[in-house]
């Protein structure tokens, strides 16, 4: 059962082919940003876990997990832009690009975070938390709708949800910083033999 | 310590960052437009937004396709639903004022016409359109009020213009209602907020070659 769970989670994005389910997730802002996108990330993460070390980016271009974590940060930032949410609902190409980008972010995120030392890991997690909090405050405080596809009430609640998520990621970063440094977690590139 | 992986990683990360910055710049019009509505209005100003020819069914049961035409008529188009208690009624009031200005200036033969597209096809029946027209004293010669002749036509028009109507949970809709200036060939030449109707009219008159 425990072996099957990562595969089941990894296959979650396939459910997005089911139009009513996709519409259910995307017709409101909160499930779109705080359920669908995290689930895509988790699905990618689960796939990387199921595949093991072979799912990692090549060590030669991902020392300290820098490349993978840059991808995760960039994808997170890009999909906080209000126009990107609307465009992903109105343009099928961007819709599927969004699914792929978040799924990949989860996939490379797992391998790269395990390569990152405490400082690099906290730097990226802290950045993502800060960015989510900023976007959350913006969504919460904006007096008018930022997305044509969503209501103002939903925008405010989503903003609050993003701030909660930012706090959780921030807490994760602090926990990571407080954890005792193990040789495997130190700032050394992972040995190529592990790839 | 082997520095080669770090060097290649930094290079790969820099390239990825550059590519993503370029993509973001492209998607936000050089980091100046963060909302879809702002991008839509920019596209309209640049003449990149095209309104497809869509037949509209009026309160009298007639079907008419305002654009394209060779008469050089310019249209000020808004999107309404007749049950709307808020923005559509405000739009209606502004259109009543616009109609008054057009009638005073051109009588019944205005080169600028008003069009209200009712998008809630289920409820915007001919009788409701008639009530809306009566409520706002619409003159058929100056103001066309109609609903797209088919659901497909409605979808085509709204999608092409980026007009999105979201159910408000109370039986109505919230939508990016604004005044769309559309020329005789169906090109959107500008999108104006309600309170900018004098500017919309002025620009419309410029397009028809009428001194303002």
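Note on the stretch A:4-57: residues that are under 24 Å from residue A:146 (Cβ atoms) and surrounded by fewer than 13 Cβ atoms within 10 Å (Cβ to Cβ) total 1. The condition (being crowded, with 17+ Cβ neighbours inside 10 Å, at pLDDT below 95 and at negative phi) is satisfied by just one residue among B:7, B:44, B:59: B:59. Only one entry in A:71, A:96 is within 24 Å of residue A:10 (Cβ to Cβ) and either more than 9 Å from chain B (Cβ to nearest Cβ) or out of contact with any helix residue (DSSP H, G or I) (no Cβ under 9 Å at 6 or more places or on another chain) (or both), namely A:96.
Would you mind stating whether residue B:145 is surrounded by 22 or more Cβ atoms within 10 Å (Cβ to Cβ), in contact (Cβ under 8 Å) with a residue 60 or more places away in the chain and within 14 Å of another protein chain (Cβ to nearest Cβ)? Spelling it out, it is not the case that residue B:145 is surrounded by 22 or more Cβ atoms within 10 Å (Cβ to Cβ), in contact (Cβ under 8 Å) with a residue 60 or more places away in the chain and within 14 Å of another protein chain (Cβ to nearest Cβ). Within the stretch A:29-64, the set of residues being in a helix (DSSP H, G or I) and within 9 Å of chain B (Cβ to nearest Cβ) comprises A:59, A:60, A:61, A:63, A:64.
The lone criterion from (1) assigned to a helix (DSSP H, G or I); (2) crowded, with 17+ Cβ neighbours inside 10 Å; (3) without any contact (Cβ under 8 Å) to a residue 12 or more places away in the chain left unmet by residue A:95 is number (2). Would you confirm, using the coordinates I've provided, whether residue B:33 is within 12 Å of chain A (Cβ to nearest Cβ), surrounded by 14 or more Cβ atoms within 10 Å (Cβ to Cβ) and not in a helix (DSSP H, G or I)? When the stated conditions are applied, residue B:33 passes them. Only a single criterion out of (1) touching a residue at least 24 places away in the same chain (Cβ under 8 Å); (2) surrounded by fewer than 16 Cβ atoms within 10 Å (Cβ to Cβ); (3) assigned to a helix (DSSP H, G or I) is not satisfied by residue B:206, namely (1). Only one of the numbered conditions (1) modelled with pLDDT under 95; (2) in contact with a helix residue (DSSP H, G or I) (Cβ under 7 Å, 6 or more places away or on another chain) is not met by residue A:83, and that is (1). Taking the criterion of being closer than 23 Å to residue A:42 by Cα, surrounded by 23 or more Cβ atoms within 10 Å (Cβ to Cβ) and within 13 Å of the chain's Cα centre (by Cα), would at least one residue in the stretch A:130-149 satisfy it? So far as the stretch A:130-149 goes, yes, one or more of its residues are closer than 23 Å to residue A:42 by Cα, surrounded by 23 or more Cβ atoms within 10 Å (Cβ to Cβ) and within 13 Å of the chain's Cα centre (by Cα). Taken over the stretch B:74-88, residues that are touching a helix residue (DSSP H, G or I) at 6+ places or on another chain (Cβ under 8 Å) and either part of a loop (DSSP other than H, G, I, E, B) or surrounded by fewer than 21 Cβ atoms within 10 Å (Cβ to Cβ) (or both) amount to 4. Taking the criterion of being out of contact with any helix residue (DSSP H, G or I) (no Cβ under 7 Å at 6 or more places or on another chain) and either crowded, with 16+ Cβ neighbours inside 10 Å or under 14 Å from residue B:120 (Cβ atoms) (or both), the residues of the stretch B:151-163 that qualify are B:151, B:153, B:154, B:155, B:156, B:157, B:158, B:161, B:163. The residue list B:11, B:39, B:56, B:16 contains one member that is under 25 Å from residue B:184 (Cα atoms) and either in contact with a helix residue (DSSP H, G or I) (Cβ under 6 Å, 6 or more places away or on another chain) or within 14 Å of chain A (Cβ to nearest Cβ) (or both), which is B:39. Looking only at residues of the stretch A:159-195 that are within 14 Å of chain B (Cβ to nearest Cβ) and surrounded by 13 or more Cβ atoms within 10 Å (Cβ to Cβ), we find that the one that is modelled with the lowest pLDDT is A:195.
The values are calculated or read from the model by the stated rules, or taken from the named source; none is laboratory data. As the structure is a prediction and not an experimental result, all values here were calculated from the model. With ideal geometry, Cβ positions are generated from the backbone for all residues, glycine too; neighbour counts draw on all protein chains shown.
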